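Notes follow once the structure below has been shown.
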Amino acid sequence: MWQPRPTKQLLTHAEVAVAPGVGYGEEGEGFVRIAMVENEQRLRQAARNIRRYLASMGVNTTAA
């Protein structure tokens with residue numbers, strides 16, 4: 001189940017810093033923003049960390 005404070009959960013458990021999606025307005029509520037300002041290797045590591053964390057929470061993380 002998705003946590004009510006995903007930004008803190010991702011930082012704590014996946015070691016990935018994200019920003020609340022509400023910065024884009026009301027339509028961003030419930031989403032997170034990820035800055036793509038790192039090199040490709042670090043972005044891939046962040047994606048792996050997020051995938052592992054979500055999988056540990058029982059979220060299906062298989063690619064569509």
Original post:
What is the residue count in region 15-58 for residues that are assigned to a loop (DSSP other than H, G, I, E, B) and out of contact with any Lys or Arg (no Cβ under 9 Å at 6 or more places or on another chain)?
Top reply: 15
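Taking the condition of being touching a helix residue (DSSP H, G or I) at 6+ places or on another chain (Cβ under 8 Å) and surrounded by 14 or more Cβ atoms within 10 Å (Cβ to Cβ), how many residues in region 40-53 meet it? Before you say what the answer is, go through the steps one by one.
Of the residues in region 40-53, the ones touching a helix residue (DSSP H, G or I) at 6+ places or on another chain (Cβ under 8 Å) are 46, 49-50, 52-53.
Next, only the ones that are surrounded by 14 or more Cβ atoms within 10 Å (Cβ to Cβ) stay: 46, 49-50, 53.
Qualifying residue count for the region: 4.
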Original post:
Pairs under 6 Å by beta carbon, first residue within 14 Å of Thr7 (Cα to Cα) in region 28-52, partner part of a loop (DSSP other than H, G, I, E, B), six or more apart or different chains?
Top reply: Val32/Val18; Ile34/Val18; Ala46/Val16; Asn49/Glu15; Asn49/Val16; Ile50/Val16
Original post:
Scanning region 1-31 for residues that are within 18 Å of Thr61 (Cα to Cα), of a type in the set (A, V, I, L, M, F, W, C) and surrounded by 13 or more Cβ atoms within 10 Å (Cβ to Cβ), which turns out modelled with the lowest pLDDT?
Top reply: Phe31
**OP:** Please verify whether region 32-39 includes one or more residues that are touching a Phe, Trp or Tyr at 6+ places or on another chain (Cβ under 6 Å), of a type outside the set (A, V, I, L, M) and surrounded by 11 or more Cβ atoms within 10 Å (Cβ to Cβ).
**Re:** no
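The values are calculated or read from the model by the stated rules, or taken from the named source; none is laboratory data. As the structure is a computational prediction, the values presented were derived from the model and not from experiment. When we count neighbours, we look across all protein chains shown, and the Cβ atoms used for this are built from the backbone with ideal geometry, even at glycine.
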